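The values are calculated or read from the model by the stated rules, or taken from the named source; none is laboratory data. Bear in mind that the values here come from a model prediction, so they are computed numbers and not experimental data. Backbone-built Cβ (ideal geometry, glycine too); neighbour counts: all protein chains shown. Keep in mind that these areas ignore ligands, DNA and RNA; they rest on the heavy atoms of the full protein, side chains included. Shrake-Rupley method; radii C 1.70, N 1.55, O 1.52, S 1.80 Å.
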Amino acid sequence: MDKLGIMIKVGITGQAGFMGSHLYNYLGTKDNIELINFERSFFESNNKLENFVSQCDTILHIAAMNRHVDQQVIYNTNVSLVNKLISACQLTQSTPKIIFSSSTQEEKDNLYGKSKRDGREALENWAINSGAKTTALIIPNVFGPFGKPFYNSFIATFCYQIVNGETPTIKEDGKVNLIYINELAEAFYKEIINDSKQIIKTVQVAHTATKKVSEVLSLLNQYKKSYMDNGVVADLRDPFQLALFNTFTSFIPKNYFPRKFVKHTDNRGAFVEIMRANTSGQSSYSTTVPGITRGNHYHTRKVERFAVIKGKARIQLRKINTSEVFNYELDGNQPSYVDMPIWYTHNITNIGDTELITLFWINEPYNPENPDTYFVEV
């Protein structure tokens with residue numbers, strides 16, 4: 001709720017895309033936001049689009065075409081989407097604040113950049129004439145989990161290629177200004193709750209890292225060798241490297257887990273190495289009686305490992321706002337682990353008839369003031 005105790009109704013065009021889905025999930029963690037559902041088909045139905053805009057206090061206009069063999073198609077599509085949104089607002093006499101996702105490409109001589117510039121200007125003219133507000137966020141290169149390779153960013157492409165045993169190539173090894181999708185979502189949220197009286201505004205969203213393409217590729221190759229091949233978690237103390245690591249691991253197929261530990265046995269008993277990491281973290285363990293489930297929560301930044309060393313367990317994962325559930329069965333007789341990807345709600349159930357012992361490792365100590373733990377049933 002805002003300072004008056006009123007929920008802010010927010011709709012996101014392009015809700016199903018890379019940026020839109022992250023914004024939807026991020027805003028879903030805020031208790032002052034009510035999300036208004038948007039579907040791609042709304043742009044093909046005047047009635048549905050008009051109903052959508054009339055429900056919203058704020059609209060994040062993310063929907064856009066980024067790539068096409070014909071640059072004119074990109075321009076025509078993006079300007080058309082803006083015009084349809086404006087028309088729906090005019091026909092319903094709706095005046096939501098519209099936050100427009102623009103790009104640093106505005107300054108370049110290409111039709112994608114021109115579509116962003118012309119779209120921004122059309123929204124500004126509408127705001128001036130209607131008394132509404134609009135803000136254009138000029139956004140640097142964005143990366144993050146679940147990006148579409150060969151479309152959203154070179155980082156998504158590199159992650160996909162490396163995980164699938166391919167060798168990425170660098171066309172131009174320049175420096176790139178980058179922002180992680182979680183950081184961008186926070187910038188959108190700050191603008192949503194900003195109660196400035198300014199009718200039109202342009203905000204340059206600051207990049208949070210500048211990296212050479214080869215530097216990024218080197219880190220991703222390190223993650224493949226150390227993490228995928230040997231189970232060693234990278235040094236995650238640097239915010240960019242934590243973001244890049246979480247982006248990389250989002251491309252690892254779900255059948256990669258569970259991973260078996262090496263169990264050393266002699267006449268004294270057995271020894272198993274549970275965790276090797278190049279970063280600090282918190283270790284803990286739990287005991288669980290038969291039939292009981294723990295967890296049913298997700299994280300947006302934390303790297304977490306569940307290691308079953310005694311008893312039988314079922315670990316379940318489900319990406320939030322999707323329906324597919326991934327099931328893993330682990331047995332302490334053959335100790336193994338599953339790492340929890342961000343934005344996946346997860347749980348662990350004792351499916352045996354004896355006590356279950358699970359060891360947990362997470363890359364940051366629990367902080368009740370900033371827990372990064374959101375409860376959702378798998």
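Values as computed for the structure displayed
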read-out	value
Exposed-site-free run, longest, the chain (rule: trypsin sites (Lys or Arg not before Pro); DSSP loop; at most 13 other C-beta within 10 Å)	277-378
Kirkwood estimate for segment 64-127, i.e. one over the average of 1/r between Cα atoms, Å	12.1
Leading residue at positive end of dipole, segment 114-217 (Cβ point charges), from Ser115, Val163, Ser130	Ser130
Cα centroid separation - segment 223-262 against segment 1-63, whole Å	33
Listed residues Ile128, Ile155, Ile181, most fluctuating in the chain (Gaussian network, C-alpha, under 10 Å)	Ile128
19 Å cut-off, amide nitrogen to a point 7 angstrom out along Phe240 Cα→Cβ, residues in segment 102-118	104
Crossing angle, helix 46-55 versus the chain [Cα axis fit, 0-90 degrees, rounded to tens]	80
Integer Hz, Karplus 6.51/-1.76/1.60 couplings in order for segment 19-27, x for Gly and Pro	5, x, 5, 5, 4, 4, 5, 5, 5
Area projected by the alpha carbon convex hull of segment 160-307, averaged over all directions, nm²	14.4
Neighbour cut-off at most 14 other Cβ (10 Å), DSSP loop, chymotrypsin sites (Phe, Trp or Tyr not before Pro), segment 165-201	none
³J(HN,Hα), Karplus 6.51/-1.76/1.60, whole Hz, each residue of segment 139-147, x for Gly, Pro	10, x, 5, 10, 9, x, x, 6, x
0 to 90° range, to nearest 10: angle between helix 181-193 axis and the chain longest Cα axis	50
Cα-only radius of gyration and Dmax that characterise segment 303-353, units Å	11.3, 35
Loop-located GluC sites (Glu not before Pro) in segment 125-211, at most 14 other Cβ atoms within 10 Å (DSSP)	Glu166, Glu172
Chymotrypsin sites (Phe, Trp or Tyr not before Pro) lying in DSSP loop within segment 299-378, provided at most 12 other Cβ fall within 10 Å	Tyr366
Calculated FRET efficiency for the pair Ile351/Asp229, C-beta based, R₀ 25 Å, to 0.05	0.25
About the Cα centre, charge dipole magnitude for segment 1-105 (Lys/Arg +1, Asp/Glu -1 at Cβ), debye	100
Computed [θ] at 222 nm, helices only, for the chain once each DSSP H run of length n ≥ 4 contributes -39500 (n - 2.57)	-9000 deg cm²/dmol
Nearest-20 debye value, the chain charge dipole, Cβ charges on Lys, Arg, Asp, Glu	300
Cα-based Kirkwood hydrodynamic radius, segment 76-224, one decimal, Å	17.2
Residue with peak Gaussian network fluctuation, the chain [Cα springs, cutoff 10 Å], from Gly291, Gly231, Gly113	Gly291
Length released on extending from Glu215 to Phe375, taking residue separation times 0.36 nm less the Cα-Cα span	54.0 nm
Percent carbon-and-sulfur accessible area, segment 1-65, ignoring ligands, DNA and RNA, probe 1.4 Å	46
Candidate aspartates and glutamates for bridging to Lys9, where Cα separation is under 12 Å - those fewer than 8 sequence places away on the same chain excluded	Asp31, Glu34, Asp57
Helix axis angle, 111-130 relative to the chain longest principal axis, alpha carbon, degrees	60
Nonlocal amide H pairs with Glu34, under 5 Å, H built at 1.01 Å	Ile8, Lys9, Val10
Ratio of Rg to Rh over the chain (Cα coordinates, Kirkwood Rh, two decimals)	1.02
Label-point separation in nm, Lys148 to Gln334, each point 7 Å along Cα→Cβ	3.9
Fully extended contour minus Cα-Cα distance, from Val203 to Asp266, at 0.36 nm per residue	16.2 nm
The chain - accessible surface per residue (Å², probe 1.4 Å)	49
Diffusion constant of segment 38-91 at 20 °C, which comes from Stokes-Einstein with the Kirkwood Cα-pair radius and 1.002 mPa s, µm²/s	181
